[in-house]
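Asker: Sharing a structure below in structure tokens format, with a few things to ask.
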Amino acid sequence: MRLLHKITLFAVLLTLTVSARTAYAQGGETAHFEYLTVEDGLSNSAVMFILRDSDGFMWFGTQDGLNRYDGYEVTVFRHSDDDPHSLSNNVVMSGYAVSDGALWFGTDLGGLNKYDKNTGQFTAYTHDSDNPDSISNNSVWAISEDHSGALWRRGVSEWKRRYYRIVRL
């Protein structure tokens, strides 16, 4: 796991370094990048993914929670046993903003989570061995959307938003 963490961190840093050298903001101005650290409120220094949503928030999945940055402060979302609408697991591996604006987050062992921007609550979709329509397992390391609007998790389960169900392949 430590090797995977090091490879992921290297890939993120390499991408940010290359992007910083060629990035231009609107109007041709050079983009400005800031460091965000644990001292600034980030829940953990092991960042697994970075996502910008349609509202301009930056989302950081870490090994200790999901972080939303508004440009001024960090809000941390974590799992709570007392709250069924909290994040399902604190190790957040992936995130995706789908074309309709919905936000989805994948965890290492807690399945797939949909974030409701209006309520600030999460809905978890987890594996259930008694339900063939549940996701195939609870490790969601990648999320993407295809041309028809179907949401995919790591290529083995398809979330049919139209029908509000999971289809195992």
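All of the numbers you see were taken from the coordinates with simple rules; none came from a lab. Owing to the predicted nature of the structure, the values given are computational and were not obtained by experimental measurement. FYI the Cβ positions are ideal-geometry reconstructions off the backbone, even for glycines, and counts take in every protein chain you see.
Asker: Can you report the principal axis dimensions of the stretch 38-168 using only the alpha carbons, biggest first, rounded to whole angstrom?
Answerer: Projected onto its principal axes, the Cα set of the stretch 38-168 covers 44, 31, 25 Å.
Asker: Among His85, Ala46, Leu112, whose Cα sits farthest toward the positive end of the charge dipole of the stretch 38-168 (+1 at Cβ of Lys/Arg, -1 at Cβ of Asp/Glu, about the Cα centre)?
Answerer: Projecting each Cα onto the dipole axis, the largest value belongs to Leu112.
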